[in-house]
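Worksheet: one structure, shown below.
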Amino acid sequence: MPHTPLILSVREADVSYGDKPVFTSLGFNIHEGEKISLVGKNGAGKTTLMKIITGDRDLDTGERWQIPGLRVGYLKQDMEFPEGITVFDFIFSALDPELQSEEYHYMVDMVSEPLDLDQKAMLETLSGGQLRRCFLARALVEEPDILLLDEPTNHLDISGIEWLEEFLSYYRGAVLCVSHDKAFLANTSEKVFWLDRGGLRVCPHSFAKFEDWQDMMLEQEARELHNREKILAEEIEWASRGVKARRKRNQRRLQMVKTERERLKQDQSAFRNVMRSIKLDAPKKMDLPSHIVADFFKTYKSFTNQKNEEKIILNDFSFRLYKGDRIGILGNNGSGKSTFLKLLLKEIEPDKGKTKLSPATTTSYFDQNRVDLKQNKSLWATLCPDGGEYVNVGGKMRHVCGYLKDFMFDPKRARDDVSTLSGGQQNRLMLAKVLANPGNLLILDEPTNDLDMETLDMLEEVLINYKGTLLIVSHDRDFLDQTVTKILAFEGDGDIECHVGGYSDYLTYKKQNSDEKNATAAQPAKLKQDKKEKTQAQNEPRKPAKVTFKIKHEYEKLPAKIDALTNEIKRLEVEMSNPDLYTHDPEKFDKVARRLGDAKSELDQAENRYLELDEIVNSSTL
């Protein structure tokens with residue numbers, strides 16, 4: 001990468017809150033146009049580092065340098081907003097005063113349209129997700145020299161996330177981003193800042209290579225600790241073997257041994273904390289008497305919007321949810337995902353058609369709005385709503401403090417109110433509540449928002465081992481690839497498609513379709529001519545085609561081929577319906593998924609070819 005000018009630098013910085021040190025000897029540089037991912041466990045100091053960059057947090061010791069006139073923009077998790085102002089005015093006011101004229105209105109359009117914002121709406125009328133997107137739009141048009149983004153993909157659908165990725169790839173300023181979305185970080189970063197035990201380590205690669213680099217660093221550290229332990233053991237053995245006089249003469253060396261032993265203990269303890277991860281037993285399997293969990297039969301549902309226009313959500317929708325299905329639900333905001341879940345849970349009824357849920361189904365539901373969390377209740381009372389000290393976790397009684405510790409909570413906070421927790425901590429508490437007894441149907445609506453990567457890894461592991469039926473609404477592409485085997489894509493206007501595989505498979509399918517459409521659109525003149533020639537040919541009296549031996553042979557063989565492909569597709573679909581296939585043999589899963597797609601394509605071609613040949617054969621006998 002070519003050298004770019006340095007725009008901000010921090011050297012030998014110490015930062016503490018009260019008696020608790022956050023950073024010791026912190027140092028880092030930010031260069032013009034750099035794209036940086038910022039990662040670290042909860043409490044590692046990510047927010048503090050961003051405040052250091054903005055200048056809102058002074059250093060206790062050390063030096064902070066920036067170029068004159070440096071502008072820093074910051075999309076925070078929680079932001080206050082002024083009332084009595086429209087979305088347009090709020091975003092437009094972020095522009096440089098020299099650009100605040102009518103000819104630059106397009107800059108507001110450029111960010112508000114892809115983020116699905118109504119420019120005429122008043123800020124106080126927006127939902128939490130809409131407000132979040134509004135603040136993101138404002139941060140983007142501000143075009144600061146350094147743009148700080150804290151979880152920018154929250155409340156964005158996949159098309160919005162992909163648009164943001166492309167926007168940031170062309171963004172001229174430096175970007176430093178905190179996100180739980182691994183795919184987003186991999187697509188937008190060229191460097192990673194890793195906050196680790198009061199310091200900052202720099203990975204010189206994009207986030208796509210960060211985990212391998214991190215493993216290498218930790219393995220190297222483990223070897224160094226092991227070598228230090230061996231050297232210390234030799235020193236202790238030498239000291240204990242020596243004569244009394246020699247021990248007296250070497251008091252200084254003995255004191256150094258003692259000091260090194262204490263340092264080694266501290267370093268080993270810190271290393272164990274870094275390697276610590278959330279571990280949770282897989283939920284027990286709860287069998288359903290039937291293999292069918294739910295049915296949608298010719299379901300129709302629509303709503304009337306503010307303009308008194310009918311918006312179709314489900315249109316003649318038929319779908320069967322089987323026991324063991326692992327389905328990821330995708331779609332833009334407002335495409336019908338939440339309506340689908342409410343119909344499934346019988347919270348609302350369809351306008352036409354039927355929905356049926358097996359009476360033996362026991363459902364656990366993770367709601368992204370966290371309505372089940374009462375802000376004035378303690379963590380303890382949330383997990384033990386009927387009182388007592390124990391939580392029933394998959395049939396085992398666990399003390400509430402021990403269970404909280406499994407989810408990286410300090411047991412001392414067990415009596416604190418939920419309102420004292422951050423958004424990420426509240427999501428962890430919700431997961432603790434839901435995963436204690438997830439039932440045989442687990443529904444997760446945007447579970448990854450605000451989670452740190454350690455919790456995300458734990459959740460992936462638990463879900464991979466979960467034996468019930470799983471539905472996940474998420475825009476986290478990597479998370480879906482790790483946890484589901486089917487995609488239910490809400491394309492809008494009642495159009496819902498089901499695809500075998502994870503998000504990457506769905507994306508490949510969409511790209512192939514898009515390429516075909518683009519190729520068609522690129523040849524309008526040819527298509528017009530082809531259509532004209534086809535019309536002329538249809539109007540002319542057709543001569544019977546000569547049935548050659550080759551055509552006759554192909555025609556006679558096709559029915560057997562069609563039957564074989566039909567049977568193969570049925571067999572492959574049975575294999576794909578096995579929820580354990582992806583977990584136990586991902587290579588076979590990929591092979592079966594690819595073959596299923598190819599077999600369906602071959603069947604379609606064979607059936608079309610049979611119709612063509614049938615017309616030729618029959619016309620020749622007329």
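The values are calculated or read from the model by the stated rules, or taken from the named source; none is laboratory data. Bear in mind that the values here come from a model prediction, so they are computed numbers and not experimental data. Accessible surface is based on the protein model in full, side chains and every heavy atom, while ligands, DNA and RNA are left aside. Shrake-Rupley method; radii C 1.70, N 1.55, O 1.52, S 1.80 Å.
With every protein chain left in place, what is the accessible area of Phe184 in Å² (1.4 Å probe, nearest 10)? That residue has around 0 Å² of solvent-accessible surface. Counting only protein heavy atoms and using a 1.4 Å probe, the accessible area of Met110 comes to about 80 Å². Translational diffusion of the stretch 101-239, estimated by Stokes-Einstein from the Kirkwood radius over alpha carbon pairs at 10 °C in a medium of 1.306 mPa s, is 87 µm² per second.
Checked against a 22 Å cut-off, the cross-linked pairs Lys51/Lys405; Lys301/Lys337; Lys41/Lys396 give Cα-Cα distances beyond that limit for Lys51/Lys405; Lys41/Lys396. If the Kirkwood radius is taken over C-alpha pairs of the stretch 283-377, then at 4 °C and 1.567 mPa s the Stokes-Einstein diffusion coefficient equals 85 µm²/s. Going down the table (Lys46/Lys377; Lys323/Lys600; Lys412/Lys486), which pairs top 30 Å between alpha carbons? Going by Cα-Cα distance, Lys412/Lys486 fall outside the 30 Å limit. Once all protein chains are placed together, Asp96 keeps about 70 Å² accessible to a 1.4 angstrom probe.
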